[in-house]
Amino acid sequence: MDRAAKSALVNQLNDAWKDTGVMVVAHYKGMTVAEMTEFRRRVKEAGGSVKVAKNKLAQLALKDTKAEGVSPLLKGQTCIAYSADPISAARVSVKYAKDNEKLVILGGAMGNTVMDVNGVKALAELPSLDELRAKLLGLLQAPATKIARILKEPGGQLARVIQAKSAKAE
């Protein structure tokens, strides 16, 4: 790569990483091209991207971004999975690392917060935004359902008493 291409790559990565919600740094030593392609496909389906770049170029691209704190993790054969959604890249990376022991998660960043391996795993276990919305909706609907049931119950009891009396009278 010549100097102009390197500069263009650094600018492109910097622009992409400024708006990222989460970034996961991992070692991929020993992974085949097919395994790496599968990992990239899974992250892309979740709405993220995976980038493999020279560590020095990646460190330059991380300057002036929220995730600048992950620069010390960039040693050896590293890849960076990132997404605008604050959970998806972490969730896919952790799940893929369980299936393929060659992908070793080193840490990551969410906003200005730098996370270690356990932080990334904890982030991956959080429910997705859709799951949280469903839980919140269920919590909001539960009191209304209980009130309707309580208001309906005396009428139902009265109907059962009248039916029992009429059955006894026959």
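So, in segment 41-66, exactly how many residues are within 16 Å of G21 (Cα to Cα), free of Cβ contacts under 8 Å to residues at least 24 places away in the same chain and assigned to a loop (DSSP other than H, G, I, E, B)?
Result for segment 41-66: 0.
Going through segment 109-120 one residue at a time, which ones are assigned to a helix (DSSP H, G or I) and buried (at least 18 other Cβ atoms within 10 Å of the Cβ)?
Matches in segment 109-120: V120 only.
Of the residues that sit in segment 114-151 and are among the polar types (S, T, N, Q) and free of Cβ contacts under 8 Å to residues at least 24 places away in the same chain, which one is farthest from S88 (Cα to Cα)?
Result: T145.
Could you tell me whether any residue of segment 97-108 is among the aliphatic types (A, V, I, L, M), part of a helix (DSSP H, G or I) and closer than 30 Å to T37 by Cα?
yes
Which is surrounded by 23 or more Cβ atoms within 10 Å (Cβ to Cβ) and touching a strand residue (DSSP E or B) at 6+ places or on another chain (Cβ under 7 Å), of V52, V22?
Of the residues listed, the single one that is surrounded by 23 or more Cβ atoms within 10 Å (Cβ to Cβ) and touching a strand residue (DSSP E or B) at 6+ places or on another chain (Cβ under 7 Å) is V22.
Applying the selection to segment 67-85, what residues are within 13 Å of I105 (Cβ to Cβ), assigned to a helix (DSSP H, G or I) and not hydrophobic (A, V, I, L, M, F, W, C)?
none
Could you please let me know if V33 is among the aliphatic types (A, V, I, L, M) and closer than 14 Å to G108 by Cα?
So V33 does not fit the description; no.
Pick out the one residue from S93, S71 that is out of contact with any His (no Cβ under 7 Å at 6 or more places or on another chain), of a type in the set (S, T, Y) and at pLDDT below 90.
S71
Restricting attention to segment 1-35, and to residues there that are within 19 Å of the chain's Cα centre (by Cα) and in a helix (DSSP H, G or I), which single residue is farthest from S71 (Cα to Cα)?
Residue satisfying both the conditions and the ranking: A16.
One line per residue, one yes/no per condition, for (1) at positive phi; (2) not assigned by TED's automatic domain parsing to the domain that holds K18:
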{"position": "Y96", "(1), (2)": "no, no"}
{"position": "G107", "(1), (2)": "yes, no"}
{"position": "G119", "(1), (2)": "no, no"}
{"position": "L136", "(1), (2)": "no, yes"}
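The values are calculated or read from the model by the stated rules, or taken from the named source; none is laboratory data. Fair warning: this is a prediction, and the values are worked out from it, not measured in the lab. Virtual Cβ from ideal backbone geometry, glycine too; neighbours counted across all protein chains shown.
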